[in-house]
Amino acid sequence: MASNLDSTDLKILQCLQENARQTTKELAAKVNLSTTPVFERLKRLEREGYIRQYVAILDAEKLDLGFEVFCSVKLKQMTRDVARAFTRTIRGIPQVAECYNISGEYDYLLKIRARNMKEYNEFVINTLGTIDAIGSVQSSFVMNEIKNSCGLPASSLSAGPCATAR
């Protein structure tokens with residue numbers, strides 16, 4: 001458990017993961033507190049960085065960005081300056097949804113969103129191909145999404161799913 005979070009804080013975080021648009025009043029009912037202490041807890045959780053941001057999760061298929069690729073990248077050499085330059089460049093590329101520095105044969109794992117194979121191919125040639133530090137790239141195409149969750153495990157946050165208190 002995070003050092004300065006109590007069970008109510010954890011319940012609030014779990015409830016927000018399930019629905020970040022609920023009102024403070026709705027949230028207060030679920031954690032058995034009045035709205036003022038819940039509001040104060042929310043502000044503290046935001047201020048202390050437990051809540052980084054609130055987002056809407058969009059449907060990539062409906063927005064014609066359902067072609068998903070995991071792209072493993074190996075740099076020509078791994079030095080501090082090369083790694084910093086590479087990560088700075090990657091942060092500015094909108095098609096890169098996620099980027100991780102990983103261990104093993106490759107140095108980075110990128111999650112790329114595109115409309116189709118042709119657009120991805122153009123991305124590899126015209127975007128990744130212009131980054132001099134890249135030594136090699138291996139692409140793995142997502143055939144079917146089995147699970148996709150941006151939340152943290154509920155069991156680590158509270159005793160169970162967020163539900164209205166009775």
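Could you list all residues from the range 73-119 that are part of a strand (DSSP E or B) and either within 14 Å of Ile131 (Cβ to Cβ) or in contact with a Lys or Arg (Cβ under 6 Å, 6 or more places away or on another chain) (or both)?
Once the filter is applied, which keeps residues that are part of a strand (DSSP E or B) and either within 14 Å of Ile131 (Cβ to Cβ) or in contact with a Lys or Arg (Cβ under 6 Å, 6 or more places away or on another chain) (or both), the range 73-119 yields Val73, Lys74, Leu75, Val96, Ala97, Glu98, Cys99, Tyr108, Leu110, Ile112.
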Within the range 116-156, the residues that are charged (D, E, K, R) and over 20 Å from the mean Cα position of the chain (by Cα) are Lys118, Glu119, Glu122, Asp132
In the range 1-40, anything open to solvent by 20 Å² or more (accessible area, probe 1.4 Å), polar (S, T, N, Q) and either in contact with a Ser or Thr (Cβ under 6 Å, 6 or more places away or on another chain) or assigned to a helix (DSSP H, G or I) (or both) is listed as Ser7, Thr8, Gln17, Thr24, Thr35, Thr36
Taking the range 125-151 and keeping only residues that are without any contact (Cβ under 8 Å) to a residue 40 or more places away in the chain and either more than 30 Å from Asp81 (Cβ to Cβ) or not in a loop (DSSP other than H, G, I, E, B) (or both), one is left with Ile125, Asn126, Gly129, Thr130, Met143, Asn144, Ile146, Lys147, Asn148, Ser149
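Looking at this structure, is Val96 buried (at least 17 other Cβ atoms within 10 Å of the Cβ), of a type in the set (A, V, I, L, M) and within 16 Å of the chain's Cα centre (by Cα)?
Working: buried (at least 17 other Cβ atoms within 10 Å of the Cβ): yes; of a type in the set (A, V, I, L, M): yes; within 16 Å of the chain's Cα centre (by Cα): yes.
So Val96 fits the description; yes.
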All conditions in (1) at pLDDT 95 or above; (2) open to solvent by 50 Å² or more (accessible area, probe 1.4 Å); (3) among the small types (Gly, Ala, Ser) are true of Ala114 except (2)
Gln95 fails exactly one of (1) without any contact (Cβ under 8 Å) to a residue 40 or more places away in the chain; (2) more than 20 Å from Thr127 (Cα to Cα); (3) touching a helix residue (DSSP H, G or I) at 6+ places or on another chain (Cβ under 8 Å), namely (2)
Of the residues in the range 59-72, those that are in a loop (DSSP other than H, G, I, E, B) and open to solvent by less than 40 Å² (accessible area, probe 1.4 Å) number 2
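Could you look through the range 41-58, keep only residues that are under 12 Å from Thr8 (Cβ atoms) and of a type in the set (A, V, I, L, M, F, W, C), and pick out the one that is surrounded by the fewest Cβ atoms within 10 Å (Cβ to Cβ)?
Leu45
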For the range 51-65, pairs from a residue that is in contact (Cβ under 8 Å) with a residue 40 or more places away in the chain to a residue that is assigned to a loop (DSSP other than H, G, I, E, B), with Cβ under 6 Å and 6 or more apart or across chains, are Ala60/Gly66; Asp64/Arg115
Selection from the range 101-111 of residues touching a strand residue (DSSP E or B) at 6+ places or on another chain (Cβ under 8 Å), open to solvent by 60 Å² or more (accessible area, probe 1.4 Å) and more than 18 Å from Arg80 (Cβ to Cβ) yields Glu105
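The values are calculated or read from the model by the stated rules, or taken from the named source; none is laboratory data. Bear in mind the structure is a predicted one, so any value in this text is a computation, not a measurement. Cβ coordinates were reconstructed from backbone atoms using ideal geometry, including for glycine residues, and neighbour counts include every protein chain displayed. Keep in mind that these areas ignore ligands, DNA and RNA; they rest on the heavy atoms of the full protein, side chains included. Shrake-Rupley method; radii C 1.70, N 1.55, O 1.52, S 1.80 Å.
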